[in-house]
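The structure appears right after this line, and notes come after that.
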Amino acid sequence: MSEPSLKSRAYALLSRREMSRAELRRKLAPHADSEAQLDALLDELTEIRHLSDARFAEAWVNSKVTQHGARRLRHDLASRGVDDDTIRGALDGIEDSEVARARALWLKKFGTLPENLQEKARQIRFLAGRGFDLGVIRKALRDIDLDDVGDA
């Protein structure tokens with residue numbers, strides 16, 4: 001049985017989930033006969049809108065926005081080869097909800113105010129690890145409604 005074509009490999013990968021151009025290039029490179037062949041396929045897929053960094057970035061942000069802060073999302077997209085302008089477009093508007101999202105994540109994970117400095121540091125590290133800036137974390141913890149903590 002013969003090997004699948006480069007195009008069929010690309011469609012098989014894209015049928016599973018959206019991918020950035022750089023990700024698809026990395027996965028297809030071992031199977032391409034040449035860089036020119038790979039570039040031509042990627043250009044074709046982009047032209048017919050089967051491959052889109054903007055669509056990938058938007059899907060990525062939508063799937064991760066409740067779990068991560070803008071800093072982490074920006075880093076993840078950049079590591080997947082998405083350019084800065086596309087990242088800015090995908091993250092446009094989510095900074096407005098950073099404090100609320102950090103607070104919701106904190107309530108889900110902890111639900112109780114820290115009893116000592118070690119516990120406070122642990123909670124702050126958790127939120128920082130999820131990609132929230134320190135200013136956002138401070139606001140989120142400062143603005144915790146004690147009634148919300150009781151409901152968690």
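The values are calculated or read from the model by the stated rules, or taken from the named source; none is laboratory data. Just so we're clear, the structure is a prediction, and the values are computed from it rather than from any experiment. Every residue, glycine among them, receives a Cβ derived from its backbone with ideal geometry; neighbour counts consider all protein chains shown. With ligands, DNA and RNA removed, areas are computed over all heavy atoms of the protein, side chains included. Shrake-Rupley method; radii C 1.70, N 1.55, O 1.52, S 1.80 Å.
In region 35-47, the residues that are in a helix (DSSP H, G or I) reach residues that are surrounded by 14 or more Cβ atoms within 10 Å (Cβ to Cβ) and polar (S, T, N, Q) with C-beta atoms within less than 8 angstrom, at least six apart or across chains, in these pairs: THR46/SER52.
Each row is one residue, and each column tells you yes or no for (1) polar (S, T, N, Q); (2) closer than 13 Å to PHE132 by Cβ; (3) in contact with a strand residue (DSSP E or B) (Cβ under 7 Å, 6 or more places away or on another chain).
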| residue | (1), (2), (3) |
| --- | --- |
| GLN67 | yes, yes, no |
| ALA70 | no, yes, no |
| ARG74 | no, yes, no |
| ARG80 | no, no, no |
| ASP85 | no, no, no |
| ARG88 | no, no, no |
| GLY93 | no, no, no |
| LYS109 | no, yes, no |
| THR112 | yes, no, no |
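Reported count of residues in region 20-31, each being open to solvent by less than 40 Å² (accessible area, probe 1.4 Å) and touching a residue at least 40 places away in the same chain (Cβ under 8 Å), is 2. Note on region 78-96: residues that are in contact (Cβ under 8 Å) with a residue 24 or more places away in the chain and assigned to a helix (DSSP H, G or I) total 7. Residues in region 10-39 that are of a type in the set (Asp, Glu) and farther than 15 Å from PHE56 by Cβ were compared, and the one that is farthest from the chain's Cα centre (by Cα) is ASP33. Within region 55-66, track down each residue that is touching a residue at least 12 places away in the same chain (Cβ under 8 Å), open to solvent by less than 80 Å² (accessible area, probe 1.4 Å) and among the hydroxyl-bearing types (Ser, Thr, Tyr). None; the set is empty.
Here THR66 meets each of (1) in a helix (DSSP H, G or I); (2) over 20 Å from ARG25 (Cα atoms); (3) more than 9 Å from the chain's Cα centre (by Cα) with one exception, condition (1). Within region 97-116, take every residue that is open to solvent by less than 60 Å² (accessible area, probe 1.4 Å) and assigned to a loop (DSSP other than H, G, I, E, B) and give me the one that is nearest to HIS68 (Cα to Cα). Per the criteria, the residue is PHE110. Taking (1) more than 17 Å from LYS139 (Cα to Cα); (2) at pLDDT below 95; (3) touching a helix residue (DSSP H, G or I) at 6+ places or on another chain (Cβ under 8 Å); (4) not hydroxyl-bearing (Ser, Thr, Tyr) in turn, ASP92 satisfies each apart from (3). Going by the conditions given, is GLY69 open to solvent by less than 30 Å² (accessible area, probe 1.4 Å) and at pLDDT 95 or above? When the stated conditions are applied, GLY69 passes them. The condition (being under 22 Å from ILE87 (Cα atoms), of a type in the set (Gly, Ala, Ser) and open to solvent by less than 70 Å² (accessible area, probe 1.4 Å)) is satisfied by just one residue among SER52, SER34: SER52. When restricted to residues that are outside any helix (DSSP H, G or I) and at pLDDT 90 or above, region 117-152 contains 4.
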